[in-house]
Amino acid sequence: MISITKAIGIIRREKVRVPSETTDLPSSVGRVLASAIVADTDLPPFDRSQMDGFAVISKYTPGTLKLVGESAAGRGWHKELKPGEAVAIMTGAPVPKGADAVQRIELTRNSDDKAVNILDATEKGKFIIRRGAEIKKGTTIFGPGEIITENMIAALAAFGYGKVKVTKQPRVSILGTGSEIVEITKKPGRDQIRNSNSVMLDVLSRKFGAVTTVIPNAKDEISNLRAQIKAAAKSSDILIITGGVSVGKYDLTKLALTDLGAEIFFDKVRLKPGKPVVFARLGNTLIFGLPGNPVSAAVTFHLFVRLAILQMQNAAKTSPAQAFAVLGLDTRAAKERDTYLPARLSTDKLGHLIADPLKWQGSSDFIGFARADALIVVARGKILNKGDVAKIEYL
């Protein structure tokens with residue numbers, strides 16, 4: 001049995017990369033950038049007005065100025081402003097050459113189209129965003145390894161990136177095991193349960209950028225399991241198997257992998273829930289054998305499989321986001337294993353982040369786990385009291 005830290009180190013060592021491809025901008029959300037995004041122009045590309053008002057030379061304010069033109073967005077006034085003159089200007093419009101300030105319209109009086117009375121003095125640079133103040137041409141905006149979000153799309157479009165170079169999506173296959181498992185659309189018979197793990201792992205894998213294939217469930221029969229693993233590995237970058245990783249009579253996953261000649265890197269981790277997790281390699285395919293209990297499968301996915309999927313895409317950040325929170329209840333770890341407890345997050349009136357461990361009945365309790373926002377990390381053998389600060393990992 002190895003530590004979580006060592007298990008993560010082994011997964012990081014077994015690096016497999018997928019190539020890059022080009023996709024159109026609207027389809028790029030959630031994908032990992034494969035090349036830098038560089039500004040092809042200053043932003044703003046010209047001195048820009050922040051207000052509706054009048055472009056002026058500040059030292060001639062207050063006073064009555066000759067109105068010589070108008071500058072609107074997309075239709076600027078491209079002459080040079082002279083002393084004693086003003087140009088009507090709209091928000092976002094180019095500031096004329098010679099003007100060094102904008103006075104907002106509320107502080108002016110404009111009786112006709114020939115003159116404007118500037119009621120209050122203004123100062124140099126007032127209400128002007130200078131060319132390149134937001135970004136300079138040639139600046140790297142986003143770097144390789146960043147995951148494209150919805151908030152980044154406008155910036156990409158502003159610099160002409162109608163298509164984006166991204167890493168290809170890893171091919172992840174998901175294989176559930178167990179003779180007691182039936183498909184989710186079927187009513188379970190006596191001693192049977194529905195296949196909740198495969199659809200959960202399908203959704204999680206796609207969340208982190210994979211394209212997925214859910215394979216029909218394998219029965220607890222070694223030749224059938226070997227054949228399905230062998231076939232799935234040929235068309236997958238990562239194969240996730242759930243169930244059959246413990247030490248029972250019908251736990252056949254590790255035996256099937258050994259029979260196929262897979263290199264097994266670890267098969268037990270000092271973790272609760274999720275101790276009997278397997279990480280192996282068959283040819284160029286990384287294989288994870290996750291416990292059949294749904295919460296164990298979810299926790300081991302977040303700690304290990306998520307890392308492999310993101311690392312394969314050369315993502316800059318591959319680990320779950322971490323923080324610290326005040327415990328809302330007493331909690332404890334297993335004696336020999338680091339423990340990851342599902343928790344619901346909230347804030348109190350002082351703005352403190354509170355983590356309340358959820359009431360759940362163990363690693364098969366997916367109902368209790370369903371409302372979890374994060375996992376509370378408690379080192380093996382430790383007892384934490386209500387009000388203590390604990391590390392959390394966001395789900």
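The values are calculated or read from the model by the stated rules, or taken from the named source; none is laboratory data. Just so we're clear, the structure is a prediction, and the values are computed from it rather than from any experiment. All Cβ positions, glycine included, derive from the backbone under ideal geometry; neighbour counts span all protein chains shown.
Taking the stated definitions as given, is Ser35 assigned to a strand (DSSP E or B), outside the structural domain of Arg206 (by TED's automatic domain parsing) and at pLDDT 95 or above? In short, no.
You will find that of Lys59, Lys66, Lys15, the residue that is more than 30 Å from Gly160 (Cβ to Cβ) and in a strand (DSSP E or B) is Lys66 and no other.
Among the strands (runs of 3 or more DSSP E) contained in segment 325-395, which hold 1 or more residues that are β-branched (Val, Ile, Thr), closer than 21 Å to Val203 by Cβ and in contact with a Leu (Cβ under 6 Å, 6 or more places away or on another chain)?
Numbers: elements: 338-347, 353-357, 374-378, 389-394.
Filter on segment 325-395 gives an empty set.
Pairs linking a residue in segment 263-288 that is surrounded by fewer than 23 Cβ atoms within 10 Å (Cβ to Cβ) to a residue that is of a type in the set (Lys, Arg) and part of a strand (DSSP E or B), with Cβ atoms under 9 Å and 6 or more positions apart or on different chains, are Glu263/Arg281; Ile264/Arg281; Phe265/Arg281. For segment 120-131, does any single residue satisfy the condition of being among the charged types (D, E, K, R), touching an Asp or Glu at 6+ places or on another chain (Cβ under 6 Å), at pLDDT 95 or above and more than 30 Å from Glu106 (Cβ to Cβ)? Within segment 120-131, not a single residue is among the charged types (D, E, K, R), touching an Asp or Glu at 6+ places or on another chain (Cβ under 6 Å), at pLDDT 95 or above and more than 30 Å from Glu106 (Cβ to Cβ). Might you check whether a residue that is closer than 30 Å to Val32 by Cα, polar (S, T, N, Q) and in contact (Cβ under 8 Å) with a residue 40 or more places away in the chain occurs anywhere in segment 174-181? The answer is no; no qualifying residue exists. The number of residues in segment 210-254 being at positive phi and of a type in the set (A, V, I, L, M, F, W, C) comes to 0. The number of residues in segment 200-216 being surrounded by 22 or more Cβ atoms within 10 Å (Cβ to Cβ) and not in a helix (DSSP H, G or I) comes to 3. The set of residues in segment 82-114 that are among the small types (Gly, Ala, Ser) and under 13 Å from Gly69 (Cβ atoms) comprises Ala86, Ala88, Ala93, Gly98, Ala99. The requirement of being within 17 Å of Ser27 (Cα to Cα), modelled with pLDDT of 95 or more and surrounded by 15 or more Cβ atoms within 10 Å (Cβ to Cβ) is not satisfied by Ile174.
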